[in-house]
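Participant: Shown below is the structure under consideration.
The values are calculated or read from the model by the stated rules, or taken from the named source; none is laboratory data. As the structure is a prediction and not an experimental result, all values here were calculated from the model. A quick note on method: Cβ atoms are made from the backbone with ideal geometry, for glycine too, and the neighbour counts reach across all protein chains shown.
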């Protein structure tokens, strides 16, 4: 009999561990009012469980799934600095069961699974051996009024700050899971299904010929770091050899210095001064599908960017989401090459293939394999290295190595397309540029003021001989416009033009594949989320 109080104390300690961990994190990140709301929600939850179960054994056994949920909540919240939300929702929505099983087979997944199994087993043993006595043998007024008073005090204190109150409730594993399923997970599943964006048909005419067109959206590529544009380091030797085959645009300008704005603008043709995600009613993939193209969208990027724009291709390839979360970074862009080969080898239909890659996004030294350490290794870099406000040659070296790898990757894409005998093109443009402190006196991208290297980007169109023969007028227009300024909101109209798509909303003046192209030298750009003029 003396062991019963010990077992009761032990299982209470075990049951409380996830709540203590979450409460500690909440106090540090959100403050005491959020903690008060969290404690209030847990107290009411435990009281309801006790009221329903009546005995200690049933109480603890019914708490078992909540205990496991608490362990999961702790792991996610501590690892990512936030309870399950948008990131985890998109990971789950874009991961297959095979990827989940694969995650559980690597050491991080095995460790998490083992911890859950061990703690769960200990909990079940203690719960099964706990007392079957009633939780309360009678009505104790002192206990009842103490509970009522505590609930009222916690409610009054936490309710003073509604945001803090919601934050506290969201960390409760039971309530937080319900909020997660009804909110972020529902939204993520809807974006993956392509039902978030209310789409309006373009009315495109059907294309009755077999052509293949590839669009590659790069990341954080500054034009001045590509040797094909005159950079002193030989960062793009493969592209230099393609001069004459590929048409390089000398004055390409990004419309925004953040991916979340830049890519939707590129894919919809909405200019920066009119850009609003709520205004999106379709995208380049939708237009291509209407015109009879089979479509594929290959991602080695945050899939959220494409999905919120309404991208829903015939075939979607997502990054290995579970592995991405665990490792903290994406695999190399070259991982998409077998997927591209599969799409190129499809025969008999017009094909549009989009590729959204990670390119030269920080952390630069993770964007290339060891054999591309041409300009120093970049070893020992951390996130603080790029934000330190101090010149660091390693940062420039690592960035240049990432450009060299991008050069190799683009050459591989073109070589795959070269094998085609039907008209084919490969278009590349970066979403935005990048500042490097050692060269520019500032770092990264997304600043709220204009900085030319965050907006001046590389762009080109490669065309095969079959396309040159079939569309000499388009090739001539591309050559004539290559010295003019082009903007990323021109890509939507230009890709459609290159693909021979006609629709009522086509605007030749916005297509750099048209002899009627007129450069947009007036519209401001988006810097850090706000419209700014292009002055330094």
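Participant: Of all residues being assigned to a loop (DSSP other than H, G, I, E, B) and more than 16 Å from the chain's Cα centre (by Cα) in region 258-277, which is nearest to residue 476 (Cα to Cα)? Just the residue, please.
Facilitator: Here the residue is 269.
Participant: Taking residue 195 and the conditions (1) in a loop (DSSP other than H, G, I, E, B); (2) in contact with a helix residue (DSSP H, G or I) (Cβ under 7 Å, 6 or more places away or on another chain); (3) surrounded by fewer than 19 Cβ atoms within 10 Å (Cβ to Cβ), which numbered condition does it fall short on, given that it satisfies the others?
Facilitator: Just one mismatch for residue 195, condition (2).
Participant: Scan region 418-440 for residues that are under 19 Å from residue 342 (Cα atoms) and surrounded by fewer than 21 Cβ atoms within 10 Å (Cβ to Cβ) and jot them down.
Facilitator: Within region 418-440, 418, 419, 420, 421, 422 qualify.
Participant: Among the listed residues 252, 313, 288, which satisfies the condition of being under 21 Å from the mean Cα position of the chain (by Cα), modelled with pLDDT of 95 or more and either in a loop (DSSP other than H, G, I, E, B) or at negative phi (or both)?
Facilitator: It is 313.
Participant: Further question: If you go through region 25-69, how many residues are in a helix (DSSP H, G or I) and closer than 26 Å to residue 156 by Cα?
Facilitator: The qualifying residues number 25.
Participant: Looking only at residues in region 366-383 that are at pLDDT 90 or above and buried (at least 22 other Cβ atoms within 10 Å of the Cβ), which one is farthest from the chain's Cα centre (by Cα)?
Facilitator: Looking at the filtered set, the residue picked out is 368.
Participant: Another question, then. For region 432-501, which fully contained helices (runs of 4 or more DSSP H) count at least 2 residues that are modelled with pLDDT of 95 or more and under 21 Å from residue 236 (Cα atoms)?
Facilitator: Per the criteria, 452-455.
Participant: In addition: Quick check on my filter: what residues within region 249-262 are in contact with a strand residue (DSSP E or B) (Cβ under 8 Å, 6 or more places away or on another chain) and more than 12 Å from residue 487 (Cα to Cα)?
Facilitator: 257, 258, 261
Participant: Right, next: Name every residue in region 502-516 that is surrounded by fewer than 22 Cβ atoms within 10 Å (Cβ to Cβ) and in a loop (DSSP other than H, G, I, E, B), in order of residue number.
Facilitator: Listed by number, the residues that qualify are 502, 503, 504, 505, 506, 507, 515, 516.
Participant: Looking at residue 232 and the list (1) over 30 Å from the mean Cα position of the chain (by Cα); (2) farther than 30 Å from residue 337 by Cα; (3) assigned to a loop (DSSP other than H, G, I, E, B), which single condition is not satisfied?
Facilitator: (2)
Participant: Which of the following residues is more than 29 Å from the chain's Cα centre (by Cα), surrounded by 11 or more Cβ atoms within 10 Å (Cβ to Cβ) and at pLDDT 80 or above: 118, 122?
Facilitator: 122
Participant: Residue check: is residue 208 in contact (Cβ under 8 Å) with a residue 60 or more places away in the chain and part of a loop (DSSP other than H, G, I, E, B)?
Facilitator: Spelling it out, residue 208 is indeed in contact (Cβ under 8 Å) with a residue 60 or more places away in the chain and part of a loop (DSSP other than H, G, I, E, B).
Participant: Does region 4-13 include one or more residues that are in a helix (DSSP H, G or I) and under 17 Å from residue 178 (Cβ atoms)?
Facilitator: Looking for residues that are in a helix (DSSP H, G or I) and under 17 Å from residue 178 (Cβ atoms), one finds none in region 4-13, hence no.
Participant: A further question on this structure: In the set 65, 18, which member is assigned by TED's automatic domain parsing to the domain that holds residue 132, within 26 Å of residue 127 (Cα to Cα) and without any contact (Cβ under 8 Å) to a residue 24 or more places away in the chain?
Facilitator: That would be 65, the only listed residue that is assigned by TED's automatic domain parsing to the domain that holds residue 132, within 26 Å of residue 127 (Cα to Cα) and without any contact (Cβ under 8 Å) to a residue 24 or more places away in the chain.
Participant: Out of everything in region 71-91 that is over 15 Å from residue 112 (Cβ atoms) and in contact with a helix residue (DSSP H, G or I) (Cβ under 7 Å, 6 or more places away or on another chain), what residue ends up being modelled with the highest pLDDT?
Facilitator: Of everything passing the filter in region 71-91, 83 is modelled with the highest pLDDT.
Participant: Given the conditions (1) under 22 Å from the mean Cα position of the chain (by Cα); (2) over 17 Å from residue 197 (Cβ atoms); (3) assigned to a loop (DSSP other than H, G, I, E, B), and given that residue 339 satisfies all but one, which numbered condition is not satisfied?
Facilitator: Condition (3) is where residue 339 drops out.
Participant: Failed condition for residue 247, given (1) free of Cβ contacts under 8 Å to residues at least 60 places away in the same chain; (2) over 14 Å from the mean Cα position of the chain (by Cα); (3) outside any loop (DSSP other than H, G, I, E, B), with all others met?
Facilitator: (1)
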